[in-house]
Amino acid sequence: MKFNTKTIHGGQKPDAAYGSVMPPIYQTSTYAQSTPGGHKGYEYSRTHNPTRTALENAFASLENGKYGLAFSSGLAAIDAILKLLKPGDEVVSTNDLYGGTYRLFTKIYEDFGIKFHFTGMENAKRIEDNINENTKLIWVETPTNPMLNIIDIVSVAKIAKRYEVLLAVDNTFATPYLQQPLELGADIVMHSATKYLGGHSDLVMGALIVKDKDLAARLYFIQNACGAVCGPQDAFLALRGIKTLHIRMQRHCENGHAVAEYLAQHPKIENVYWPGFQNHPNHDIAKSQMKAYGGMVSFTTKGNNYEEAIKIVENLKIFTLAESLGGVESLAGHPASMTHASIPKEEREKIGVVDSLIRLSVGIEDEADLIADLKQAID
Ligand code: PLP
């Protein structure tokens, strides 16, 4: 099955009871048993729920994995991966990553005795320099949030195999429409399904997808034992969102391209970060591992003035100033004071998250309206 068919049919079949084409919302916590243990595959909805199963199968299908798991948020999904580790274990992570992931690593898991090394992964040597006998996991986010750097998943996967450590890739920004990390050698794909997979800014959800049976069993155990599952109503909304992922992504990419080109020629703009530009430092890798370049665009203004950046985001009328990304509507954010405020100023400035950086999640509205909105806000 090709990707555009999978978004609609992947992992799904009409419901067994009445042939319902959309999986019904099984709004139940428990299931009748004829005798103790005599049930129809479902006992309790923390463990399993038929609407969630349909979604988990769809996740697995989209990423060319075998097993999908749905969580109550993207961070809950990352938390489940970290629970594979033990005190004394070490993790090598991308240094440019979602602030909440950084906060989970450093403010929660460091206290449980796990050590994190943050490094730029554009150079594979830097990864190897941080690996030792305690390393159990490599954490990659690509494209990175908010600098839109691209990490070569195939090269990192080779290192992970050589040192026998797990490779997890946060595929939130790319989505499986643009890039499929399991096919490139990753062991675990993670999503904040809150973003492009859901696609309509109406739910909070996380996803994990793997191919390996034993790894899947360990993650299912953690999912059930810790309980950060999504409810059936949200599973239904995500399933509905996924059905248009391919056409939404196509438009996000087209509009992202148009907005990036517009910003690049604006006299008040200093830098535009978008992996589709030929002069983007990792453009060749993006070209080889992604189908197109996505709808996320970040930029800075000349003079790097904090107040000016705040004024621009306040002046936008079609772009909504808000946290999050990946919905049909365009959003703008100021990472230094919003999504990345949990990263200390010196740390975030080292990776380019300066005071004037603005991050756009370019939606699927009319391109001309989006450009006119940016023009009036910047001018
Ligand atoms: N990963 C990335 C790249 C994100 O942008 C986010 C949220 O913005 C997360 C993970 C966390 O996901 P959630 O907000 O669904 O917990």
### Message
Taking θ = phi - 60°, what integer Hz values does the Karplus form 6.51 cos²θ - 1.76 cosθ + 1.60 yield along segment 9-23, in sequence order, with x for Gly and Pro?
### Response
10, x, x, 10, 9, x, 4, 4, 5, 10, x, 3, 6, 8, x
### Relative packing of peptides 33-41, 217-225, 139-147 - highest average C-beta neighbours within 10 Å first
139-147, 217-225, 33-41
### Query
To the nearest 20 debye, what charge dipole does the chain have about its Cα centre, counting +1 at the Cβ of each Lys and Arg and -1 at the Cβ of each Asp and Glu?
1060 debye
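Once fully extended, how much extra length lies between D284 and Q376, figured as 0.36 nm per residue of separation less the alpha-carbon to alpha-carbon distance?
My answer for the length gained is 29.8 nm.
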## Note on the structure
Rounded to the nearest 5, the percent of antiparallel DSSP beta bridges in the chain equals 55 percent
### Task
Per residue of segment 95-102, in order, report the coupling 6.51 cos²θ - 1.76 cosθ + 1.60 (Karplus, θ = phi - 60°) as ³J(HN,Hα) in whole Hz, putting x for Gly and Pro.
8, 10, 8, 3, x, x, 5, 4
### Karplus-derived HN-Hα couplings along segment 287-294 (A = 6.51, B = -1.76, C = 1.60, θ = phi - 60°), whole Hz, x at Gly and Pro
4, 7, 9, 10, 6, 8, 10, x
### Task
Among N64, P87, A193, flag the residue with its Cα farthest along the positive direction of the charge dipole of the chain, charges on Cβ as +1 for Lys/Arg and -1 for Asp/Glu.
N64
### Message
Expected output is a single nm value to one decimal: the length gained when fully extending between K302 and A368, i.e. 0.36 nm times separation in residues minus the C-alpha distance. What is it?
### Response
21.3 nm
### Task
Give the peptides 108-120, 186-198, 253-265, 152-164 in descending order of average Cβ contacts within 10 Å, highest first.
186-198, 253-265, 152-164, 108-120
### Task
May I ask for the percentage of alpha-carbon pairs in the chain that lie more than 27 Å from each other?
48 percent
#### Entry: GluC sites (Glu not before Pro) restricted to DSSP loop in segment 1-64 with at most 16 other C-beta within 10 Å
E43
#### Entry: 5 angstrom amide H check on E141, placed H, neighbours 5+ away
T94, D170
### Summary
Once amide hydrogens are built 1.01 Å from N within the peptide plane, the residues lying 5 or more places from T135 or on another chain with amide H under 5 Å from its amide H are E90
### For segment 356-377 versus segment 125-198, the gap between their alpha-carbon centres in whole angstrom
29 Å
### Query
Can you list residues whose amide H is under 5 Å from Y26's amide H, if they're 5+ apart or on another chain and H is modeled 1.01 Å from N?
T51
### Query
Just from the alpha-carbon atoms, what are the Rg and Dmax of segment 1-100 in angstroms?
17.5, 53
### Query
Over all distinct alpha-carbon pairs, what is the Kirkwood Rh of segment 92-229 in angstrom?
15.6 Å
### Message
Ignoring everything except DSSP H segments at least 4 long, calculate the 222 nm mean residue ellipticity for the chain; use -39,500 (n - 2.57) per segment, divide by total residues, nearest 500.
### Response
-10000 deg cm²/dmol
### Message
Give me the extension gain from T35 to F112: residue separation times 0.36 nm, minus the current Cα-Cα distance, reported in nm with one decimal.
### Response
23.5 nm
### Summary
Shape call for segment 298-356, from the Cα gyration tensor axes a ≥ b ≥ c (a/c under 1.5 means rounded, otherwise prolate when a/b beats b/c, else oblate), comes out oblate
#### Entry: Relative packing of peptides 311-318, 273-280, 289-296 - highest average C-beta neighbours within 10 Å first
289-296, 273-280, 311-318
### For segment 269-347 versus segment 215-249, the gap between their alpha-carbon centres in whole angstrom
27 Å
### Task
Anything in the chain that counts as a DSSP H helix reaching 20 Å or more along its axis (C-alpha) with Kyte-Doolittle mean of at least -0.5? List them, would you?
245-264
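We did not get these values from a lab; they are worked out from the coordinates using the rules stated. Model, not experiment: these values are computed from the prediction. Every residue, glycine as well, gets a Cβ built from its backbone with ideal geometry; the counts of neighbours run over all protein chains shown.
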